[in-house]
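> This is the structure I have questions about; it appears just below.
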Amino acid sequence: MVRTFIQDYLNALATFKIAFIHIRGLEVMAIAEIHMHKNPAILTENLTKRYGDLLAVDHISFQVNEGEIFGFLGPNGSGKTSTIRMLVGLSQPEEGRASILGYRLPAEITQAKRYVGVVLDASNLYDELSALDNLLFMARLYGVPRDEQKSRAYQLLKDFGLYERKDDRFGTFSRGMKRALTIAAALIHEPRLLFLDEPTTGLDAAAARSLRGLISRLREKGLTIFLTTHYLEEADLLCDRIAILVRGKIVKIDTPAGLKRLVQTQSLIEFSFARDVSALTGDLRRRLGGAEAAFLDESRVRIYGGDPPQIFDAVFQFSRDNGIGIEAASTIRPSLEDAFLRITGLSTVVMGTEKGGGKGKGGRQ
Ligand SMILES: Nc1ncnc2c1ncn2[C@@H]1O[C@H](COP(=O)(O)OP(=O)(O)O)[C@@H](O)[C@H]1O
Ligand SMILES: [Mg+2]
């Protein structure tokens, strides 16, 4: 502990010295400052993990900015946990590079770990210890200053809604409370970057909702969060940006809005007419501009693409001109699910599949 402290102190001095030597005017200082603030929380280049012949993580490159919740969205087995394990130094990449908060991996993993919290699927807390004692134990383990251990533990218990249960044994907690306390414990040393591996998997809807609330409050405090999930709605709700992972490859990185925009052109409006319009399909199509009309039967049509208000205008005009009433009209808004389907070709049924027991993950390296 002392050694890392001294190391960091020397590093800090070295940084200062470099800054000093290079300062020849204000411009240089301004540039130095921009670089300091633009430090990505995570940077990877062609990061790759193999298990025998299996390419579990396939040359992935991405950047996570400080202060954002970056989502890693992919079905089971797509390489999410393998990626986290490499980023936190639990396994070695076969190829590629990564850095965490400016520290190169694997050489500087020890320094990086001081600023990183990790929550993998299994909790590292003790069933027989109380919630409070678990946090105090973790505080000592992480070298939290003695006079701060108690206040931090109490604050986390309050923040996570577990204060009332502070003296109860961890073993008696519900799954949701266990997950919450495990995250709290990962924050005891006040990390700047938190890895959460499928935090809500296996929780009931209410516990998952409450945990999502906690996670978004952590972002408000300026924490950078790398979160994996196979729930589309969770990624949509929590993440600033989402990387979509399919069989170890990143197929797309964008904001939730950007991903939805991809399918916006496929906005879909369905009209039901009061009677047969099959003789008038040419007339209708001519009015639609670039949008495509697909007839479900003689009186129902689906219109793909185009600008919805214009489509409505055109179809209402068609209905008036031909004296045919419209019985129903509905817009189907593109969801992240539609975007996901379009990008990956994977059905959401694949995404929703819960983990099976027989995956044989015991022998991780
Ligand atoms: N220790 C291991 N040995 C062999 N194969 C593994 C090991 N860990 C994971 N895998 C395989 O690598 C792939 C990616 O797994 P993982 O990273 O756990 O995916 P995810 O977290 O997205 O479910 C899967 O096919 C999985 O079976
Ligand atoms: Mg996993």
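The values are calculated or read from the model by the stated rules, or taken from the named source; none is laboratory data. Treat the numbers as computed from the prediction; the structure is a model and nothing was measured. Cβ atoms come from the backbone with ideal geometry, glycine included; neighbour counts cover every protein chain shown.
> Give the residues of the range 215-245 that are among the acidic types (Asp, Glu) and within 16 Å of ligand 1 (Cβ to nearest atom), sorted by residue number. Even if it seems obvious, please write down each step before you answer.
Pass one, the range 215-245, residues among the acidic types (Asp, Glu): 220, 233-234, 236, 240.
Answer for the range 215-245, where residues must be among the acidic types (Asp, Glu) and within 16 Å of ligand 1 (Cβ to nearest atom): just 234.
> Which pairs do you get when a residue that is at positive phi, found in the range 67-81, comes within reach of a residue that is assigned to a loop (DSSP other than H, G, I, E, B), reach meaning Cβ atoms under 6 angstrom, with the pair 6+ apart or on two chains?
Close Cβ pairs (under 6 Å, with a partner that is assigned to a loop (DSSP other than H, G, I, E, B)) amount to 67/222; 79/248.
> Sticking with this structure for a sec: Would you confirm whether or not the range 119-127 contains a residue that is touching a strand residue (DSSP E or B) at 6+ places or on another chain (Cβ under 9 Å), under 30 Å from residue 176 (Cα atoms) and crowded, with 19+ Cβ neighbours inside 10 Å?
yes
> Could you check, for the range 221-229, whether at least one of its residues is more than 10 Å from the chain's Cα centre (by Cα), in contact (Cβ under 8 Å) with a residue 24 or more places away in the chain and crowded, with 22+ Cβ neighbours inside 10 Å? Working first, answer last.
Within the range 221-229, the subset more than 10 Å from the chain's Cα centre (by Cα) is 221-224.
Okay, now just the ones that are also in contact (Cβ under 8 Å) with a residue 24 or more places away in the chain, so 222-224.
Checking which are crowded, with 22+ Cβ neighbours inside 10 Å leaves us with 224.
Yes, the range 221-229 has at least one match.
> Show the residue pairs that are 6+ apart or on different chains and have beta-carbon atoms under 8 Å apart, the first residue being within the range 86-106 and assigned to a helix (DSSP H, G or I), the second being not hydrophobic (A, V, I, L, M, F, W, C).
86/49; 86/92; 86/93; 87/44
For every residue, the table says whether it meets (1) at pLDDT 95 or above; (2) more than 16 Å from residue 193 (Cβ to Cβ).
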{"site": "25", "(1), (2)": "no, yes"}
{"site": "30", "(1), (2)": "no, yes"}
{"site": "39", "(1), (2)": "no, no"}
{"site": "50", "(1), (2)": "yes, yes"}
{"site": "71", "(1), (2)": "yes, no"}
{"site": "79", "(1), (2)": "yes, yes"}
{"site": "83", "(1), (2)": "yes, no"}
{"site": "95", "(1), (2)": "yes, yes"}
{"site": "98", "(1), (2)": "yes, no"}
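> Also, I was wondering about something else. Here is a list: 323, 345, 352. Which entry is at pLDDT 70 or above and under 22 Å from the mean Cα position of the chain (by Cα)? Please lay out each step first, then the result.
Values: 323 fails: under 22 Å from the mean Cα position of the chain (by Cα); 352 fails: at pLDDT 70 or above.
The match here is 345.
> Which one of these is within 16 Å of ligand 2 (Cβ to nearest atom), among the polar types (S, T, N, Q), within 21 Å of the chain's Cα centre (by Cα) and part of a loop (DSSP other than H, G, I, E, B): 78, 82? Spell out the reasoning first.
Numbers: 82 fails: part of a loop (DSSP other than H, G, I, E, B).
After ruling out the rest, the residue left standing is 78.
> Separate question: With the structure loaded, tell me whether residue 253 is assigned to a strand (DSSP E or B), more than 16 Å from ligand 2 (Cβ to nearest atom) and of a type in the set (Val, Ile, Thr) or whether it fails that test.
Values: assigned to a strand (DSSP E or B): yes; more than 16 Å from ligand 2 (Cβ to nearest atom): yes; of a type in the set (Val, Ile, Thr): yes.
So residue 253 fits the description; yes.
> Could you check the range 256-309 and list, in sequence order, the residues that are β-branched (Val, Ile, Thr) and in a strand (DSSP E or B)?
Within the range 256-309, the first condition is being β-branched (Val, Ile, Thr), and the residues that meet it are 263, 265, 269, 277, 281, 301, 303.
Scanning the range 256-309 gives 269, 301, 303.
> Can you tell which of 153, 107, 122 is in the same structural domain as residue 191 (by TED's automatic domain parsing), modelled with pLDDT of 95 or more and either under 23 Å from the mean Cα position of the chain (by Cα) or not β-branched (Val, Ile, Thr) (or both)? If you could, list the steps in order and put the result at the bottom.
Working: 107 fails: modelled with pLDDT of 95 or more; 122 fails: modelled with pLDDT of 95 or more.
One residue alone meets the criteria, 153.
> Take residue 248 and tell me if it is within 16 Å of ligand 1 (Cβ to nearest atom) and on the phi > 0 side of the Ramachandran plot.
On the way: within 16 Å of ligand 1 (Cβ to nearest atom): yes; on the phi > 0 side of the Ramachandran plot: yes.
In short, yes.
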